[in-house]
Amino acid sequence: MSLDTSSVVAWLTDFASVIHDNADLLTDLDREIGDGDHGSNMDRGMKAVAELESASFPTAADYLKKIGMTLVSTVGGASGPLYGTFFLRVGTAWGDAASAEDLGKALRAGLDGILARGKAEVGDKTMVDALTPALAAYDEHASEGIEAALNAAALACAAGRDATIPLVARKGRASYLGERSAGHQDPGATSVTFLIEAAARSLA
């Protein structure tokens, strides 16, 4: 199979809908340990993505790169550069995305972009804590096909998100709180879990 532009549109449409429905939740989580704007920022960015004319892009890769640039320019705070870099890197590595392995390489390139941009590691209480185990699970199940790999990734991503709750933040605005950041779920790990769950529903 090949994941074409319509597949990516379905994925991002699903993600945009979930972000909109959960914008208040993301804002509440961010209010506890951040600037309190993650939900509104992500909702604004995904609305801008939804307005893109996907048919005007020759390939899914071109569309993904445009998504990245759109998020960089419309999402405030650290989330814009991080999500923007993710999609730019995914688009660059996308190719034909003709297999589970191809898709895994593209998603891995996105994570590598986040790591390079944000300088975060697992344990820092960021989106990396959810996305890293998600892609490890994806790779483990890639031989079973895209559906199995994405379902495993979604479960691992959610577990990684939940594992941020007891952590003390070492990156971002939350790190200013020190020990007081413990006991709160990371908003970035939450939104990236929505992203991978949307992929499991739409790309499989």
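Please determine whether any residue of segment 79-87 is over 18 Å from Asp186 (Cβ atoms), surrounded by fewer than 20 Cβ atoms within 10 Å (Cβ to Cβ) and free of Cβ contacts under 8 Å to residues at least 40 places away in the same chain. No, the conditions are met nowhere in segment 79-87. The single residue among Ala97, Ala93 that is out of contact with any His (no Cβ under 9 Å at 6 or more places or on another chain), assigned to a loop (DSSP other than H, G, I, E, B) and farther than 25 Å from Leu25 by Cβ turns out to be Ala97. Starting from residues that are among the acidic types (Asp, Glu) and over 15 Å from the mean Cα position of the chain (by Cα), keep the ones in segment 85-139 and report whichever is nearest to Ser6 (Cα to Cα). Going through the qualifying residues, I end up with Asp96. Looking across segment 91-150 at every residue that is in contact with a Ser or Thr (Cβ under 7 Å, 6 or more places away or on another chain) and either over 30 Å from Gly34 (Cβ atoms) or of a type in the set (D, E, K, R) (or both), the one that is surrounded by the most Cβ atoms within 10 Å (Cβ to Cβ) is identified as Lys125. The residue that is surrounded by the fewest Cβ atoms within 10 Å (Cβ to Cβ), among those in segment 161-177 that are out of contact with any Ser or Thr (no Cβ under 7 Å at 6 or more places or on another chain), under 20 Å from Phe194 (Cβ atoms) and free of Cβ contacts under 8 Å to residues at least 40 places away in the same chain, is Ile165. Consider segment 33-54 and keep the residues that are in contact (Cβ under 8 Å) with a residue 40 or more places away in the chain, assigned to a helix (DSSP H, G or I) and not β-branched (Val, Ile, Thr). The one that is surrounded by the most Cβ atoms within 10 Å (Cβ to Cβ) is Met42.
Screening the candidates Asp129, Asp30 for the property of being of a type in the set (D, E, K, R), in contact with a Pro (Cβ under 6 Å, 6 or more places away or on another chain), touching a residue at least 40 places away in the same chain (Cβ under 8 Å) and assigned to a helix (DSSP H, G or I) yields one hit, Asp30.
One residue stands out among those in segment 173-187 that are in contact with a Gly (Cβ under 7 Å, 6 or more places away or on another chain) and modelled with pLDDT under 90: the one that is farthest from Pro81 (Cα to Cα), which is Ala174.
The values are calculated or read from the model by the stated rules, or taken from the named source; none is laboratory data. Fair warning: this is a prediction, and the values are worked out from it, not measured in the lab. With ideal geometry, Cβ positions are generated from the backbone for all residues, glycine too; neighbour counts draw on all protein chains shown.
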